[in-house]
1. Quick check on the chain: of the DSSP beta bridges with both residues there, what percent are antiparallel, nearest 5%?
2. Using only alpha carbon pairs under 8 Å that are at least six residues apart, calculate the relative contact order of segment 123-202 and give it in whole percent.
3. So what is the relative contact order for the chain, in percent, with contacts set as C-alpha pairs under 8 Å and at least six apart?
4. Please list, short to long, the whole-number percent of alpha-carbon pairs of segment 94-182 in consecutive 5 angstrom bins beginning at zero.
5. Which ordering of 217, 135 is given by a fewest-first count of other beta-carbon atoms within 10 Å?
6. Over segment 125-235, what number does the Rg to Rh ratio reach, with both radii from the alpha-carbon atoms and Rh per Kirkwood?
7. Sequence-distant or interchain residues sharing an amide H contact under 5 Å with residue 194, placed H: which?
8. With runs of 4+ DSSP H residues as the only contributors, calculate the mean residue ellipticity of the chain at 222 nm using -39,500 (n - 2.57) per run, divided by the residue total and rounded to the nearest 500.
Amino acid sequence: MATPMPTPPPPPATLETIAGSAALDEVLECLRARRPVFHSEADLQHSFALAVGEVAPDVRCRLEIPVRGSNASEYLDLLCLGPASRTAIEFKYVTRQWSGTAGTPPEDYALRGHNAPDVARRDFLRDVARLERFCDREDQNGLALLITNEAALWRPRQRRMPTRDEEFRIHHGRELSGTLLWAGGSFPDNTRVLRGAYTLAWRQYTQLEGLSGEFRCLAVFITPSAAQPQWPHET
């Protein structure tokens with residue numbers, strides 16, 4: 001039986017909006033009604049874009065958008081363009097092994113196990129830090145979205161011995177800010193510096209039959225900052 005989720009205080013409504021038009025909870029409700037599970041991260045990205053378009057037809061969605069920086073081009077998973085604002089979105093889809101039939105119409109799924117929760121935490125927080133850089137215009141916020149059936153990601157750690165990803169834990173209720181060191185700073189390339197402060201609140205996504213059939217969702221919204229835009233202009 002799934003462990004009931006405590007109810008966190010809701011964040012400000014403005015932060016929960018995609019491109020100023022689509023509330024995240026509405027998009028997730030639309031998404032899970034058709035796609036309780038996904039074959040891959042690319043499948044999630046495409047399906048989420050379709051759900052945004054269904055909830056808010058005035059929002060245009062663009063996949064794999066280049067971000068022009070001073071050194072090299074980076075790519076954003078999804079850019080949602082609304083009439084007055086826009087949202088940059090990065091996705092992570094981390095799975096344990098699960099197979100079954102789900103969805104409408106029914107589809108067969110065979111998910112493989114990633115078996116590296118520490119790497120998943122590191123990469124998710126990399127997305128948060130990247131979005132803080134990307135949200136460099138007043139009319140654009142960001143969203144880092146993780147869907148997973150890996151319970152180790154949403155549960156607090158039980159062991160007392162420190163781990164290399166100690167500062168990267170992303171369980172429900174965790175507060176994150178400032179400089180996060182991997183293995184006490186032994187791997188400088190893994191250091192993440194967060195400009196904002198975030199209280200992590202996991203949502204139930206879906207409950208499917210079988211072992212590892214519970215999927216949860218973590219959404220972190222990033223507020224915009226005033227700076228010169230890096231993005232190519234699109235009217």
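1. Working: 36 of 45 bridges.
Within the chain, antiparallel bridges account for around 80 percent of the total.
2. On the way: 95 pairs, mean separation 22.1, N = 80.
Once divided by the residue count of segment 123-202, the mean separation gives 28 percent.
3. Values: 459 pairs, mean separation 46.3, N = 235.
RCO, the chain: 20 percent.
4. 3, 11, 18, 20, 16, 13, 10, 7, 3, 0
5. Working: 217 19, 135 24.
Listed from fewest to most nearby Cβ atoms, that is 217, 135.
6. Details: Rg = 16.3 Å, Rh = 15.8 Å.
Across segment 125-235, the Cα-based Rg/Rh ratio is 1.03.
7. Amide H to amide H, under 5 Å and 5 or more residues apart or across chains, residue 194 pairs with 178, 179, 180.
8. Values: 4 runs with 48 residues, N = 235.
That calculation yields -6500 deg cm²/dmol at 222 nm.
The numbers here are math on the coordinates, done by the rules we state, and not lab data. Computed from a predicted model, the values in this text were never measured in an experiment. Ideal geometry is used to build each Cβ from the backbone, glycine not excepted, and the neighbour counts take in all protein chains shown.
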